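One structure is given here, and the rest of the page talks about it.
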Amino acid sequence: MGSTVEIRIRTLATGGDAVGHRAEADASEPATWFIPEALPGELVRAHAARTARKHVVGVIDEILEPSEHRVTPPCALAGTCGGCGWQHVAPAAQLGLKLGMVKDALRQLGVEPVLGDAPPVGDGLAYRRRARLHYRNDGDTFVLGFMRKRSDEVIDVPACPVLTAPLRHALTRLRKVAALLPAHGEVHALTDGKHVALGLAGVRPTEELRDALEACLDRVLIGVELRGGRARIRVGAPVLEIDGGGGLPPMSASPFVFTQARGDVNRALLRHVLGRAKPHGKRVLELYAGAGNFTRALARVASRVWTCDDDRESVGLLRKLAEAQGLPINAKHGDVAALVPRIAGGETRYEVVVADPPRAGLGTEATRALAVVATERIVLVACDPATLARDLAVLVKHGWAIDEVAVFDLMPMTPEVECVATLRPRAGKAPAKGPG
Ligand SMILES: C[S@@+](CC[C@H](N)C(=O)[O-])C[C@H]1O[C@@H](n2cnc3c(N)ncnc32)[C@H](O)[C@@H]1O
């Protein structure tokens, strides 16, 4: 360990690392430090783990002045497990810190983000309805859990407190078949609040494993899907109906397709997206639609919704939903980055565009094309404030104005944050050509 320095933490970077500066300047080293697990306002003593050209990545040795938001983590594995990251932050303070993080990321755009209307975080425990875990199996020991912090070693997490009770129950049952599982692999877990479906990737189904899994099923764990090579087999019924009610048809989801991690906040997010998109009677393009989380609400009032997603299973589930509910949805399997520039080069336009890309965001080229393809509103959902800021800057440059950015917390106990940006064409923006 090198020498230690005192750092006053100013803010949080996207991703949750704290950013601070050395108290005493030393011209031979960068002054900016990124320190995981420190909090704004804190004074910490730290040493350098890695020095880059413009910053140092530090490790805390001692917290000299702790933040008022620092608490004793409720999880005993908090210092070791890489699954959460914010167990040491008071649950009531987490959303405010996330809002600050988004504010900093969007500062250049002059946007003041607001809190979305959603249920409170509560104690931040037992909320997570979807998780991807890892296992290692050397014949004697079976380890099932998450990666150790800043490592690719899997650590055993026998009762993760952020998972809902049905997920914890199902994972305990899965341990019964440990002897029949390969040396390493992933477990995808999803619950509708009552039942659980598990997905095991990279596992070739043997007769023995099928029988053992069959014996594991109960009133909670109702299905397991195995995918290994070309083989896909289902034991029980590993497809769940989630988030229906209040006039909305439920969405069918398997453990392998994307679903939001927290049900109650997802419903609030969905209401928000619908309220901002105002799709009534409009032609809607929905990019990165997944299995139809937003689509089923948009399509109830839109003239038609055209969707795109590159996950075949999600597209298949959405097509089935559209058919079963008689909803006006055209679900396309494809790559958004290729599709949007192609649309922009033609005549077809959409009054409303909703996009919910993964962490990498839309990217500059697709965003430039989107600025042409949409005519009245763009609702951009994003889980990385940094890539959101980049994509918004492109839209602003190409004639769009940001009406609002709202912030939601779908993943308490982690620095993850969900943002929804709503945009309209700026006065004087050249009108895009209409359809055909
Ligand atoms: C954040 S999820 C959103 C899904 C859906 N909106 C929801 O709320 O459940 C992102 C989706 O983008 C899809 N995706 C990722 N990269 C893509 C790409 N290049 N083209 C099309 N879809 C992509 C994934 O399959 C996933 O369904």
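The values are calculated or read from the model by the stated rules, or taken from the named source; none is laboratory data. Only a predicted model underlies this, so the values are computations on that prediction, with no experimental measurement involved. When we count neighbours, we look across all protein chains shown, and the Cβ atoms used for this are built from the backbone with ideal geometry, even at glycine.
Taking the stretch 292-302 as the search range and keeping residues that are within 13 Å of the ligand (Cβ to nearest atom) and touching a residue at least 40 places away in the same chain (Cβ under 8 Å), which one is surrounded by the most Cβ atoms within 10 Å (Cβ to Cβ)?
The extreme case among them is 292.
Residues checked against (1) modelled with pLDDT of 95 or more; (2) of a type in the set (Val, Ile, Thr); (3) under 23 Å from residue 348 (Cβ atoms); (4) in the same structural domain as residue 354 (by TED's automatic domain parsing):
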| residue | (1), (2), (3), (4) |
| --- | --- |
| 265 | yes, yes, no, yes |
| 273 | yes, yes, yes, yes |
| 280 | yes, no, yes, yes |
| 283 | yes, no, yes, yes |
| 293 | yes, no, no, yes |
| 303 | yes, no, yes, yes |
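Out of 181, 200, I need the residue that is more than 16 Å from the ligand (Cβ to nearest atom) and within 19 Å of residue 130 (Cβ to Cβ). Which one?
None of the others qualify; the one that does is 200.
Out of everything in the stretch 51-74 that is charged (D, E, K, R) and in a loop (DSSP other than H, G, I, E, B), what residue ends up being nearest to residue 39 (Cα to Cα)?
Across the stretch 51-74, the extreme among qualifying residues is 68.
How many of the residues making up the stretch 75-120 are in contact with a Pro (Cβ under 8 Å, 6 or more places away or on another chain), part of a loop (DSSP other than H, G, I, E, B) and in the same structural domain as residue 266 (by TED's automatic domain parsing)?
Going through the stretch 75-120 one residue at a time, the tally reaches 1.
State the number of residues belonging to the stretch 257-291 that are within 8 Å of the ligand (Cβ to nearest atom), assigned to a loop (DSSP other than H, G, I, E, B) and not hydroxyl-bearing (Ser, Thr, Tyr).
Residues in the stretch 257-291 being within 8 Å of the ligand (Cβ to nearest atom), assigned to a loop (DSSP other than H, G, I, E, B) and not hydroxyl-bearing (Ser, Thr, Tyr): 6 in total.
Has the stretch 198-208 got at least one residue that is surrounded by fewer than 22 Cβ atoms within 10 Å (Cβ to Cβ), in contact (Cβ under 8 Å) with a residue 40 or more places away in the chain and more than 26 Å from the chain's Cα centre (by Cα)?
no
If you check every pair at least six apart or on different chains, which have Cβ atoms under 9 Å apart with a residue in the stretch 240-267 that is without any contact (Cβ under 8 Å) to a residue 12 or more places away in the chain first and a residue that is within 11 Å of the ligand (Cβ to nearest atom) and of a type outside the set (Ser, Thr, Tyr) second?
These pairs meet every condition: 244/251; 244/296; 250/242; 250/243; 250/296.
Select from the stretch 236-250 the residues that are assigned to a strand (DSSP E or B) and either modelled with pLDDT of 95 or more or on the phi > 0 side of the Ramachandran plot (or both) and write down the one among them that is nearest to the ligand (Cβ to nearest atom).
For the stretch 236-250, the residue satisfying everything is 242.
Scan the stretch 211-228 and report the pairs whose first residue is in the same structural domain as residue 179 (by TED's automatic domain parsing) and whose second residue is assigned to a strand (DSSP E or B) and at pLDDT below 95, with Cβ atoms within less than 6 Å and a gap of 6+ or a chain change.
226/233; 227/201
Among the numbered criteria (1) free of Cβ contacts under 8 Å to residues at least 40 places away in the same chain; (2) within 20 Å of residue 218 (Cβ to Cβ); (3) surrounded by fewer than 20 Cβ atoms within 10 Å (Cβ to Cβ); (4) touching a strand residue (DSSP E or B) at 6+ places or on another chain (Cβ under 8 Å), which one does residue 171 miss?
Failed condition: (3).
Would you pick out the residues in the stretch 228-266 that are of a type in the set (Lys, Arg) and surrounded by fewer than 19 Cβ atoms within 10 Å (Cβ to Cβ)?
Across the stretch 228-266, the qualifying residues are 230, 232, 234.
Looking only at the stretch 147-186, which residues are within 22 Å of residue 75 (Cα to Cα), assigned to a helix (DSSP H, G or I) and of a type in the set (Gly, Ala, Ser)?
Within the stretch 147-186, 165, 170 meet the criteria.
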